[in-house]
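Chemist: Below you will find the structure I want to go over with you.
Coordinate-derived values only; no laboratory data. Computed from a predicted structure; not experimentally measured. Neighbour counts are summed over all protein chains in view; Cβ atoms, including those assigned to glycine, are modelled from backbone coordinates with ideal geometry.
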Amino acid sequence: MKNYLKICLPALFAVFTANFGYSQNEITITHDINVVGNTKPIPVSLDGFSGEVADVLKFDLYVQGFSFVAPDAAQYQISGSASGNVTGSLTDKLAKKVLFSKSYIGTNPRRQAHAFADDIVFAVTGKKGIGQTKIAFKKQQPDGTGEIYVSDFDGHGAQAVTGDNAIVSAPSWVPGRLGLYYNSYKLESPDIFYSDLSTGQRRKIAHYSGSSFSPAASPDGTRVAMILSKDGNPDVYVCNADGSNLKRLTTGVEDSSPCWSPDGRWICFATKIAGRRLLAKVPADGGAVQVIHTAGASNPTEPDWSPDGKWIAFTRQAGEFDICVMPADGSAPPTVLVPGEDPSWSPNSRTLVFNHSVSHRQMLSVLDVFTKQVKDVGRVSGSDSEPAWRKDLNF
């Protein structure tokens, strides 16, 4: 299935500028330059919550750079209760100031806890949280068939959005619409479809001789990049959202995994040049291909450009698969973070969702890029892989 790769989308956010440490009962603040995989988490304490609400708060905050410590070691105190509706407050212990106090109504305690976590992230960092965002992914059965699923970013509430009972892959959210592109063998050939999640309607976007796979929607939702082999080798093509106005962008040997820069000007992809697997980018309107150097990270593939434009995550293969991140401008070499593949950025450009192998099956995990804090997502069934994070924060 690695020949039928997923796509990536764009959108992201800046990193924390203050990190906190402590010694005995005194809290000290250090100001470090944020480094991928080498940033200290923000220490917080939690009081008054238990069960599902506590679990949600801990999950959401942990994968956005927070750690849970004893009250006398915490920079921030999170307090409240979940008797009926969730109520919560956040106190800056150093400033001795309540940053906010709020009651959450409607939906259910789990949703309320996600909303509370988002408010905590915003109060501390000034950036939106990811607690109420969605992911799409492929669920595959042992016989190779599968379906595309959509769930909360933590894997809760997973629902199938296709009924193909066929080989499927590469879900890609369409910005501004409740819809997905994906690849399917439903009609026996590898075609690209658009699925409207609000109506359940599906339409074919690409059906050509050879293979059609790896759709990637542009940041404004008006175009889609893809890999087609209709003219020989797998190359990068771009067309309108409905499949019209098809244009070939590359004439490579083995191109795969296109994704867009957040400004829509570039398409990043994996390719082979002189027998070596590399990352490259090409202007979305056509032009010369430029190599993206990934020194120290051999055999790169499956790139995803962060929504803030600062980072490119990708998979390297060096015996095993690893998740790597590098500055998009090439100003520093890649950092190898954790074992895994198929990374996809969250809307805030801090967290990645990816898949990795456990007992010969794939499962999803979410990773805070800057602290390397990682949590596994609950498995639906079979193997869960090729995740795509919806970049619209207000899903």
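Chemist: Inside the range 339-384, can you point out the residues that are closer than 19 Å to Pro171 by Cβ, of a type in the set (Ser, Thr, Tyr) and within 12 Å of the chain's Cα centre (by Cα)?
Modeler: Once the filter is applied, which keeps residues that are closer than 19 Å to Pro171 by Cβ, of a type in the set (Ser, Thr, Tyr) and within 12 Å of the chain's Cα centre (by Cα), the range 339-384 yields Ser344, Ser346, Thr351, Ser365.
Chemist: Take the residues in the range 359-373 that are in a strand (DSSP E or B) and without any contact (Cβ under 8 Å) to a residue 40 or more places away in the chain, then tell me which one is surrounded by the fewest Cβ atoms within 10 Å (Cβ to Cβ).
Modeler: Restricting to residues being in a strand (DSSP E or B) and without any contact (Cβ under 8 Å) to a residue 40 or more places away in the chain, the top hit is Arg361.
Chemist: Something else: Within the range 329-358, restricting attention to residues that are among the small types (Gly, Ala, Ser) and farther than 21 Å from Gly65 by Cα, which residue is surrounded by the fewest Cβ atoms within 10 Å (Cβ to Cβ)?
Modeler: Ser331
Chemist: Got a number for residues in the range 249-268 being in contact with a strand residue (DSSP E or B) (Cβ under 6 Å, 6 or more places away or on another chain), part of a loop (DSSP other than H, G, I, E, B) and within 15 Å of Ala284 (Cβ to Cβ)?
Modeler: So the answer is 4.
Chemist: Here's another thing I want to ask about it. Of all residues in the range 116-137, which are touching a Pro at 6+ places or on another chain (Cβ under 9 Å) and either among the charged types (D, E, K, R) or farther than 10 Å from Asp60 by Cα (or both)?
Modeler: Lys128, Thr133, Ile135, Ala136, Phe137
Chemist: Right, something else. Output the residues belonging to the range 58-115 that are hydroxyl-bearing (Ser, Thr, Tyr) and touching a residue at least 40 places away in the same chain (Cβ under 8 Å).
Modeler: Listed by number, the residues that qualify are Tyr62, Ser67, Tyr76.
Chemist: Restricting to the range 164-183, what's the tally of residues that are crowded, with 24+ Cβ neighbours inside 10 Å, on the phi < 0 side of the Ramachandran plot and touching a Ser or Thr at 6+ places or on another chain (Cβ under 7 Å)?
Modeler: Qualifying residue count, the range 164-183: 5.
Chemist: Also, I was wondering about something else. Kindly establish whether Leu46 is in contact with a strand residue (DSSP E or B) (Cβ under 6 Å, 6 or more places away or on another chain), of a type outside the set (Gly, Ala, Ser), without any contact (Cβ under 8 Å) to a residue 60 or more places away in the chain and within 21 Å of Asn348 (Cβ to Cβ).
Modeler: no
Chemist: Going through Leu279, Leu228, Leu249 one at a time, which residue ends up being in contact with a Cys (Cβ under 7 Å, 6 or more places away or on another chain) and either farther than 18 Å from Ser172 by Cβ or free of Cβ contacts under 8 Å to residues at least 40 places away in the same chain (or both)?
Modeler: Being in contact with a Cys (Cβ under 7 Å, 6 or more places away or on another chain) and either farther than 18 Å from Ser172 by Cβ or free of Cβ contacts under 8 Å to residues at least 40 places away in the same chain (or both) holds for just one of Leu279, Leu228, Leu249, which is Leu279.
Chemist: Provide a single number: the residues in the range 145-160 that are buried (at least 19 other Cβ atoms within 10 Å of the Cβ), of a type outside the set (Gly, Ala, Ser) and either in contact (Cβ under 8 Å) with a residue 60 or more places away in the chain or assigned to a loop (DSSP other than H, G, I, E, B) (or both).
Modeler: 3
Chemist: Pick out the one residue from Asp60, Asp92 that is under 27 Å from Ser349 (Cα atoms), surrounded by 18 or more Cβ atoms within 10 Å (Cβ to Cβ) and in contact with a helix residue (DSSP H, G or I) (Cβ under 9 Å, 6 or more places away or on another chain).
Modeler: Being under 27 Å from Ser349 (Cα atoms), surrounded by 18 or more Cβ atoms within 10 Å (Cβ to Cβ) and in contact with a helix residue (DSSP H, G or I) (Cβ under 9 Å, 6 or more places away or on another chain) holds for just one of Asp60, Asp92, which is Asp60.
Chemist: Mind checking which strands (runs of 3 or more DSSP E) fall wholly inside the range 161-233 and carry at least 2 residues that are polar (S, T, N, Q) and more than 23 Å from the chain's Cα centre (by Cα)?
Modeler: Strands (runs of 3 or more DSSP E) meeting the threshold: none at all.
Chemist: State the number of residues belonging to the range 293-319 that are crowded, with 22+ Cβ neighbours inside 10 Å, of a type outside the set (Phe, Trp, Tyr) and more than 13 Å from Arg276 (Cα to Cα).
Modeler: 8
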